[in-house]
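Everything on this sheet refers to the single structure shown next.
The values are calculated or read from the model by the stated rules, or taken from the named source; none is laboratory data. Quick caveat, the model's predicted, so the values are computed rather than measured. When we count neighbours, we look across all protein chains shown, and the Cβ atoms used for this are built from the backbone with ideal geometry, even at glycine.
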Amino acid sequence: MLGRNSQYYSLFLLLVDTLVLIAALTLAYILRVQLDNRPLVSDVGAVEYFVQLLAIIPFWLATFGLLGLYKPSVYNRRLSEWGRIAAGSFIGILLILGWEFVSGDVILPARLVALYALITSFLLILAEREFLRWLRSTLFRYGFGTSRVLLIGSGTALTDLALNLANTKQSGYEVVAIAGPKKLVPPELNILHYPQVESALKFIDSNRITTIIQTDMYESEDRNQAILSAAQTRHISYNFIPGQPEFYTGKNTVDVFLGYPMISVSQTPLIGWGAVAKVIFDTIASLMLLILLSPIFLLLIICQKTFNPGPIFYISKRLSQFSKPVRLIKFRSMSSKYGKKDAAEEFREMGREDLAHEYEQNRKVVHDPRITRFGNFLRKTSLDELPQLFNVLRGDLSLVGPRPILPQEAKFSRSRTALLHSVKSGVTGLWQVSGRSNLSFEERIELELFYAQNWSFWLDIKILIKTVGVVLFRRGAK
């Protein structure tokens, strides 16, 4: 919800960021030009320096805006905000250097000014945002700038909202009253309760309500209109939040269709330009990785032929996006006589009913006797998965995504499989960096469903960075 207070705060952030960027660029100039006696690359006066940078700062701020730094969903989440500040500071310096290159004008008296500007802009913006976060939280705690909320509804989403908004110093909302069934009122909250919405509307003024949030539409159109009219006549904020969980995931857009507002619900936010960007990134990154890792591929092929005679690669039929079958390529880690049937069937043929039961329950076994000694090394180091880069280059997989499942695993839950396969499967994913083999099958599916429903390019980058750490420290790989 972007209420009036949030809008004002976003504008305030824009103003303060402008002043802080000017201060950062000033400090960068002073550090190199006035406090450093070494000769300069170009003789750029202070006035000329600032006039040219003032023309670039609006584009720098626009970059911050595109990165979401003025949205509550970003500035209310510390780690997300830090990462975007770093990216925005780096892009801002690139804008300066790019303008110098394109225009031929000299802006920076020395290249070290760019480095100083990068460091100071990042640190000062970060310090400013943290100070404002603390100041805002303190003001919320004492009731300044908060919105007094009346919650209206009849579903469990109402309780959820009340509990999440109850922490006023973080949310900026003070839950004053709930209109709905008594069972939905969290007992730990000291708030007013109105069984009928009409009673709650009578006391809007005396309760100093500034925001109404409704989670369910009533069957009576007059009732719904009365709630909206109560907000409009008092010029207070009205928000409708669908109580159905389907509206909280994927990507939702609001449009006008035949004069009516229409909410379009997609299974995943990975659509449109996001999907195009992901394909381009996957293609370029997989090609570069294959070139860089080619010596390791050659070494592993030689070791495979020496220590694990038989086929070098293992081709497994898996299901990827839209349940499309793909041929997954891996370095073979099992003896060449295994891997042609379902694992549970092979275990039973070996007389290991215990392992068959373990696999059917968890979709994995802790000690798989089919794996060779060298294959065990490949799995523990995750090197067996390197050939999947060819799948990425071919377009079968993405670098990041849900694990490509076996055809027989699709029968466990058709609805969950459909949601899971709304995005392309990946070489690595959220479950691999969240415990990997230490997680149960159900926990892995839940994490992968979360990824499909909450995809973002930043989430992909974080998963790739974490994957490097997981592989290097060999946590959970089996």
Completion exercise
Residue hits (segment 71-109; buried (at least 19 other Cβ atoms within 10 Å of the Cβ) and either closer than 20 Å to Ser42 by Cβ or at pLDDT 90 or above (or both)) are Glu81, Arg84, Ile85, Gly88, Ser89, Gly92, Ile93, Ile96, Ile107, Leu108, Pro109
Exercise for the section: Sort through Gly68, Gly88, Gly83 and tell me the only one that's closer than 30 Å to Thr168 by Cα, small (Gly, Ala, Ser), assigned by TED's automatic domain parsing to the domain that holds Glu128 and assigned to a loop (DSSP other than H, G, I, E, B). Expected result: Gly68
Handout entry: Any hit, segment 155-168, residues being modelled with pLDDT of 90 or more, among the acidic types (Asp, Glu), in the same structural domain as Ile227 (by TED's automatic domain parsing) and out of contact with any Leu (no Cβ under 8 Å at 6 or more places or on another chain)
Key = no
Exercise for the section: Return yes or no: is Val113 outside the structural domain of Phe203 (by TED's automatic domain parsing), among the aliphatic types (A, V, I, L, M) and touching a residue at least 24 places away in the same chain (Cβ under 8 Å)? Expected result: yes
Problem - Filtered residue count, segment 116-148, keeping only those that are closer than 15 Å to Tyr173 by Cα and of a type in the set (A, V, I, L, M) - result: 1
Practice task
Answer yes or no: is there a residue in segment 387-402 that is on the phi > 0 side of the Ramachandran plot and surrounded by fewer than 17 Cβ atoms within 10 Å (Cβ to Cβ).
Solution key: yes
Handout entry: Condition broken by Ala277, with the remaining ones in (1) more than 30 Å from Trp455 (Cβ to Cβ); (2) surrounded by fewer than 16 Cβ atoms within 10 Å (Cβ to Cβ); (3) under 34 Å from the mean Cα position of the chain (by Cα) satisfied
Key = (1)
Exercise for the section: Hey, can you tell me all the residues within segment 423-475 that are of a type in the set (Val, Ile, Thr), within 17 Å of Thr381 (Cα to Cα), part of a loop (DSSP other than H, G, I, E, B) and modelled with pLDDT of 85 or more? Expected result: none
Completion exercise
Checked Leu14, Leu95 against criteria (under 29 Å from Leu165 (Cβ atoms), assigned to a helix (DSSP H, G or I), within 30 Å of the chain's Cα centre (by Cα) and outside the structural domain of Thr168 (by TED's automatic domain parsing)); the one match is Leu14
Problem - Number of positions in segment 124-179 that are buried (at least 20 other Cβ atoms within 10 Å of the Cβ), outside any helix (DSSP H, G or I) and touching an Asp or Glu at 6+ places or on another chain (Cβ under 9 Å) - result: 5
Practice task
Assess whether Asp354 counts as being among the acidic types (Asp, Glu), within 23 Å of Gly426 (Cα to Cα) and either assigned to a helix (DSSP H, G or I) or at pLDDT 85 or above (or both).
Solution key: no
Handout entry: Only listed residue being more than 22 Å from Pro402 (Cα to Cα), surrounded by 12 or more Cβ atoms within 10 Å (Cβ to Cβ) and β-branched (Val, Ile, Thr), chosen from Ile291, Ile301, Ile315, Ile296
Key = Ile301
